Amino acid sequence: MMHLAGIIGLNWQLVQPLFTILVPFNLLATTLLLLLFQPVFSTSFYIFCLICFITGYLVELAGIKTGIIFGNYEYGSTLGWKIAGVPVIIGCNWLTLIYCTGVIAHTYLRTSWLRPIFASLLMVLIDYFIEPVAMYLDFWSWQDNIVPFHNYLGWFITSFFLQLVFSALVPVRQNSMALPVYLIQFAFFLSCNLLYYFL
C-alpha cells in the first residue's frame, strides 16, 4: 500500500515534495517489517545485519569518494541525514535487499553455489530499474547523467560478498515477507520507469 501511494505521490508534482520527505521512513519501515517476520533471532543473525548495514554504508562512502567502485556519483537530499556525504539509511537499503534476495535464492534454488550468484543477479536487476528513478527523485546523481556499466559490476561484487556472509551467518533463511517485499519494490521502480517513459 505504501508503495502504491508512493508511485502516485512521487510522480504527482503537487504532492511530490511531501512524499520525497517520507522516502527514508519508508525504507526504515520496510526493513523493520522484514525483521518482524524473521522466524529466528540469533547472535549470528544480528552480526549479519550489522555487517550488511556497515558494509553497505562503507562501500557507498568509498564509492562517492573514489569513483572506483560504482562510478562518479553523489547523493542528493531525498534519502535524508548523511554522514560524510552518504545517507545513513542506505545501510538499511542494502540490508533489506541482500536479505530479501538471499532468502529468495535459498528458498527456490537447491544448488548451494548458485545461490549467491542468483541473489546477486537479482540485486543487479532491481538496481537497473532503481537508477533512473533515483536520478529523477534526487536520491543520487551520476556524472553526465550516465550510469556506467561498472556500477552494476560493483553492485554484483558487493552483493556476492554479502550473500556469502548471509549464507554463513543466517541459520534460518525463511521469511514470508522476503519475496513480496522484493516484488513490490521491483514493481514500484518498474512502474515509475514506465511513467517516466510514457508521460
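The values are calculated or read from the model by the stated rules, or taken from the named source; none is laboratory data. Since this is a predicted model, take the numbers as computed values, not measurements. Cβ sites come from the backbone with ideal geometry, for glycine too, and all protein chains shown count toward neighbours.
A few remarks follow.
- Residues within segment 9-56 that are at pLDDT below 90, exposed (fewer than 14 other Cβ atoms within 10 Å of the Cβ) and either within 19 Å of the chain's Cα centre (by Cα) or of a type in the set (S, T, Y) (or both), tallied: 1
- Contacts under 7 angstrom Cβ, first residue in segment 34-60 being among the acidic types (D, E), partner not in a loop (DSSP other than H, G, I, E, B), 6 or more apart: E60/V86; E60/I90
- Verdict on L190 being more than 15 Å from the chain's Cα centre (by Cα), within 23 Å of N26 (Cβ to Cβ) and modelled with pLDDT under 95: no
- Only residues that are in a loop (DSSP other than H, G, I, E, B), modelled with pLDDT under 95 and either of a type in the set (F, W, Y) or more than 16 Å from the chain's Cα centre (by Cα) (or both) were counted across segment 113-145, and they come to 1.
- Filter result for G80 (buried (at least 16 other Cβ atoms within 10 Å of the Cβ), over 12 Å from the mean Cα position of the chain (by Cα), assigned to a loop (DSSP other than H, G, I, E, B) and not aromatic (F, W, Y)): yes
- Of the listed requirements (1) surrounded by fewer than 18 Cβ atoms within 10 Å (Cβ to Cβ); (2) closer than 19 Å to L35 by Cβ; (3) among the hydrophobic types (A, V, I, L, M, F, W, C), F160 misses just one: (2).
- Reported count of residues in segment 115-143, each being in contact with a Ser or Thr (Cβ under 6 Å, 6 or more places away or on another chain) and under 16 Å from G63 (Cα atoms), is 1.
- Matching residues in segment 83-101 - criterion: being surrounded by fewer than 23 Cβ atoms within 10 Å (Cβ to Cβ), aliphatic (A, V, I, L, M) and either under 20 Å from S120 (Cβ atoms) or over 14 Å from the mean Cα position of the chain (by Cα) (or both): I83, A84
- Pair list, Cβ < 9 Å and 6+ apart or interchain, from segment 139-159 residues that are on the phi > 0 side of the Ramachandran plot to residues that are at pLDDT 95 or above: D144/N72
- Only residues that are within 23 Å of Y57 (Cβ to Cβ) and among the β-branched types (V, I, T) were counted in segment 144-185, giving 6.
Every residue, every condition in (1) under 20 Å from G76 (Cβ atoms); (2) in contact (Cβ under 8 Å) with a residue 12 or more places away in the chain, yes or no:
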{"position": "T101", "(1), (2)": "no, yes"}
{"position": "I104", "(1), (2)": "no, yes"}
{"position": "T107", "(1), (2)": "no, yes"}
{"position": "R110", "(1), (2)": "no, no"}
{"position": "R115", "(1), (2)": "no, yes"}
{"position": "L122", "(1), (2)": "no, yes"}
{"position": "L125", "(1), (2)": "no, yes"}
{"position": "I130", "(1), (2)": "yes, yes"}
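- Just one of the listed residues (R173, R110) is of a type in the set (K, R) and touching a His at 6+ places or on another chain (Cβ under 6 Å), and it is R173.
- Hits in segment 163-199 (condition: exposed (fewer than 15 other Cβ atoms within 10 Å of the Cβ) and outside any helix (DSSP H, G or I)): P171, V172, Q174, S176, L199
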